[in-house]
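The values are calculated or read from the model by the stated rules, or taken from the named source; none is laboratory data. Just so it is clear, the model here is predicted, and its values are computed rather than measured. Cβ placement follows ideal geometry from the backbone for every residue including glycine, while neighbour counts extend to all protein chains displayed.
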Amino acid sequence: MSKKMKRRDFIRNGAVAGLVVATPKALRGQSPAVITKGTARPVVISSANGNKFKNGGEMTCVQKAFTLMMGGSDVLDALIAGVNIVELDPLDDSVGYGGLPNAEGVVQLDSSCMHGPKKRAGAVASLEGVRTPSLVAKAVMEQTDHHLLVGRGAQEFARGMGFKIEEDLNTEHSRQLWLEWKRRTDPSHYLDPAKRAEVWRREGLKMVAEGLIREEHFYGTINCDGVNTRGEICGVTTTSGLAWKIPGRVGDSPILGAGLYVDGAVGAAGSTGRGEANLYNLCSFLIVEEMRRGRSPKDAGMEALRRIKANTVEKRLLNSRGLPSFGINFYAINARGEHAGVTMYPGAQYAICTEQGPQTLPCEALLTGKPTD
Ligand code: GLY
């Protein structure tokens, strides 16, 4: 057997045994991709809303997930129990119940989840009537041979699994905001479709600029990822998607590799922000692959942002500086429990919970200024 083969076997066997493996020559000076089992620094990270909303309870998403994970719960169960708080809280109008509806005033939800150790995944898209799409995504993962159910099929599946189906997931708040947007964009119903699409986007962004909708809620989402002391990694992403979207529009959140990607031996990444930019570049997959090649979570995330910037060429998506005119954020952890939040422009934050408790930290930005500059 050649020297090369022996080295490959060593790496493979090391990975199976959970040993620290030698770093390939090309990556010397960077981190190895696989770590010793039992030496991970346990952590849960999420978008900033994961350390904000409590749905009237005591704990935020990251606190709840970390507490359950450290108590021995399955990592994915713990993360989903965390994001359920945000999905159910009507005050977060970017996720679950009370999420901003589509152009017809209907709340349509997307979610995905991935289980690192089990190497399983599930997702739902354009799901109506269920407040906790993350739990339906998990049921897809556990109860079916499929990875993604959409629309009516996803709802019928949820009904069959015993989920309560509600007629309408709007709150008074989300309905009033939708009415305001309708009033602004479609007073006569007679705009031609191209103009209307332009007005939809412009008026939505104006409502953000006027402070009616928080910027992060326009494309709002929660992504939450965790690693326990055994180095077991999972992730979940859940959202009501782009505010006032065309009915049936599916964003990045339920798409494996885009809104979420987990590799049980490497790490996890997820996203919030303009889903279309992420879908085109499959950035969560890219980030995990960059971490596999030895990059830190921050450097891997920055690579994804650079990819998006390079692939954003349409004038309507560029600001006066020729840079992307939208926000997008990534959250990443590796199997050692190192983590990062990165963002296209300064201002975004991310949440973490470790043994030191919950914290909200600034995301590292690729560019300066604002998307609208
Ligand atoms: N990132 C959420 C969405 O675009 O739907």
* If you go through region 307-314 one residue at a time, do you hit one that is within 18 Å of the chain's Cα centre (by Cα) and either on the phi < 0 side of the Ramachandran plot or of a type in the set (Phe, Trp, Tyr) (or both)? -> yes
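Each row is one residue, and each column tells you yes or no for (1) closer than 16 Å to residue 226 by Cβ; (2) at pLDDT 70 or above.
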| site | (1), (2) |
| --- | --- |
| 10 | no, no |
| 17 | no, no |
| 31 | no, no |
| 35 | yes, no |
| 41 | yes, yes |
| 51 | yes, yes |
* Structure fact -> Subset of region 228-240, residues away from the ligand (no atom under 12 Å from the Cβ) and in a loop (DSSP other than H, G, I, E, B), comes to 228, 229, 230, 231, 232
* Scope region 145-189; condition part of a helix (DSSP H, G or I), of a type in the set (D, E, K, R) and in contact (Cβ under 8 Å) with a residue 12 or more places away in the chain; matching residues -> 175, 180, 182, 184
* **Residue satisfying all of: in region 241-261; more than 8 Å from the ligand (Cβ to nearest atom) and either part of a strand (DSSP E or B) or among the polar types (S, T, N, Q) (or both); surrounded by the most Cβ atoms within 10 Å (Cβ to Cβ) among these** => 260
* If residue 272 passes every condition in (1) polar (S, T, N, Q); (2) more than 9 Å from the ligand (Cβ to nearest atom); (3) not in a loop (DSSP other than H, G, I, E, B) but one, which one does it miss? -> (2)
* Structure fact -> In region 223-255, anything touching a Leu at 6+ places or on another chain (Cβ under 8 Å), under 26 Å from residue 74 (Cα atoms) and aliphatic (A, V, I, L, M) is listed as 236, 255
* Asked: When you look at residue 68, is it outside any loop (DSSP other than H, G, I, E, B) and crowded, with 21+ Cβ neighbours inside 10 Å, yes or no?
  -> yes
* Asked: Any residue in region 173-192 that is small (Gly, Ala, Ser), away from the ligand (no atom under 16 Å from the Cβ) and modelled with pLDDT of 80 or more?
  -> no
* Structure fact -> Residues of region 308-341 being farther than 22 Å from residue 198 by Cα and more than 16 Å from the ligand (Cβ to nearest atom), in sequence order, are 310, 333, 334, 335, 336, 337, 338, 339, 340
* Any idea which residue in region 266-305 is nearest to residue 244 (Cα to Cα), counting only those that are buried (at least 19 other Cβ atoms within 10 Å of the Cβ) and basic (Lys, Arg)? -> 274
* **Matching residues, region 120-140, being aliphatic (A, V, I, L, M), under 17 Å from the mean Cα position of the chain (by Cα) and not in a strand (DSSP E or B)** => 135, 136, 137
* To do: Kindly indicate whether residue 277 is within 14 Å of the ligand (Cβ to nearest atom) and part of a strand (DSSP E or B).
  => no
* Asked: Can you name the residue in region 208-227 that is part of a loop (DSSP other than H, G, I, E, B) and crowded, with 22+ Cβ neighbours inside 10 Å and, of all such residues, is nearest to the ligand (Cβ to nearest atom)?
  -> 219
